1. Just flag the trypsin sites (Lys or Arg not before Pro) in segment 231-319 sitting in loop per DSSP whose Cβ has no more than 11 other Cβ atoms within 10 Å.
2. Output the peptides 35-41, 195-201 sorted from most to least packed, where packing is the average of other Cβ atoms within 10 Å over each peptide's residues.
3. Helix 224-243: angle to the longest alpha-carbon principal axis of the chain, degrees 0 to 90, nearest 10?
4. Would you calculate the volume per residue, in Å³, of the smallest convex hull containing every Cα atom of segment 143-191?
5. Just to check, using Stokes-Einstein with a Kirkwood Rh over alpha carbon pairs, what's the diffusion coefficient of segment 110-202 at 20 °C and 1.002 mPa s in µm²/s?
6. Using only the alpha carbon atoms of segment 168-235, find the Kirkwood hydrodynamic radius as the inverse mean reciprocal pair distance, in angstroms to one decimal.
7. Return the Cα extents of segment 11-154 along principal axes one, two and three, sorted largest first, each rounded to a whole Å.
8. What is the spin-label model distance, in nm, from K291 to E244 if the labels are put 7 Å beyond Cα along the C-beta direction?
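What follows draws every value from the coordinates through simple rules; no lab data is involved. Note that this is a predicted model, so its numbers are computed, not measured. Glycine gets a Cβ as well: all are built from the backbone with ideal geometry, and neighbour counts include every protein chain shown.
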Amino acid sequence: MNRVHALAGLMVASMMLSASAAMAQETPVAIAISGWTGFAPLTLAKEAGIYKKHGLDVSIKKIPQKDRHLAIASGDVQCAATTVETWVVWNANGVAATQIFQLDKSFGADGMVVRNHIAKIADLKGKTVAASAPGTAPYFGLAWMLKKNGLSVKDVKVVTLEPQAAANAFVANAGDLDAAMTYEPYLSTVRAKPEAGKIIATTLDYPMVMDTFGCTPKFLQENPKAAKALADSYFDALEMIRNEPKKSFEIMGADVKQSGEAFEKSQAYLRWQDRAANQRFFTSVLQPFSKEAAELLLEIGSIKQIPDLKALSDTRFIQ
């Protein structure tokens with residue numbers, strides 16, 4: 001009897017050791033994102049257990065874009081999701097980070113909203129516009145749209161508001177705003193209130209919002225298998241969205257306090273990028289766009305010099 005108990009004890013101990021070893025093999029990684037619809041597959045990968053399947057112990061932290069680089073610089077996070085031009089800003093300002101896969105392209109999910117009496121973007125000269133701080137995607141989007149219409153950020157009064165607050169303030173007619181820069185799911189707040197104003201331009205008109213995922217060079221050097229697992233997890237999440245859309249939209253919507261149905265509507269304004277799309281993007285799109293973006297960032301004072309743009313990406317992990 002004692003022998004049986006001893007064997008049983010050894011088996012339990014062995015199982016516990018095996019479980020502990022499996023847990024120990026999970027690479028911890030902290031990721032900084034926002035509530036932007038395009039980042040939602042990263043949340044889906046966590047909630048659906050996809051990261052764990054790939055040997056990752058992922059924590060996701062919601063950090064405004066204007067502060068995300070500080071979290072990377074401090075070591076609080078190792079990876080982040082943000083727009084392509086933001087990597088240029090971070091690296092130019094001494095925060096080294098490398099893009100490893102593309103997340104999405106905005107197809108109308110980012111936009112400028114204006115009061116109904118404003119007929120064209122050029123009419124915003126001297127007007128008040130809400131946008132996130134310099135160095136963020138909404139601010140860059142504002143600068144981009146203004147430049148394409150013969151103006152600069154110096155021609156308008158910029159009030160610093162994050163995308164959700166900007167949309168809410170615009171709809172509430174607070175702060176004497178003539179226009180605002182925002183994105184989904186908050187852009188739909190304005191879509192639902194046509195009496196407050198209209199969407200005068202989106203990324204369908206100005207296709208300059210593309211999001212990528214990246215990590216610190218230190219993390220990539222020390223954890224190449226984990227970096228590959230992060231990319232594979234993202235592509236697996238896209239596969240889950242294709243195969244189980246209802247369940248996926250409910251999971252992703254819950255993270256931003258939306259119903260699955262509401263989230264499904266908001267995601268219609270962007271395109272998540274699969275492995276094949278990633279390979280095309282890094283081959284032919286990233287460098288020319290980064291060059292044009294860097295020149296504008298230099299012009300508006302977001303950077304003082306253009307970093308080595310070719311060093312801002314690593315394509316090993318999307319193969």
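1. Details: sites: R242, K246, K247, K257, K265, R271, R275, R280, K291, K304, K310, R316; in loops: K257, K304.
Passing sites in segment 231-319 are K257, K304.
2. Details: 35-41: 26.3, 195-201: 16.7.
Peptide ranking by packing, descending: 35-41, 195-201.
3. Result, in degrees: 70.
4. Numbers: hull volume 4.1 nm³, N = 49.
Residue-normalised Cα hull volume stands at 83 Å³.
5. Numbers: Rh = 12.5 Å.
Rounded to a whole number, D works out at 172 µm²/s.
6. On the way: mean 1/r = 0.0650 Å⁻¹.
Every distinct Cα pair counted, the radius reaches 15.4 Å.
7. 76, 32, 21
8. 4.5
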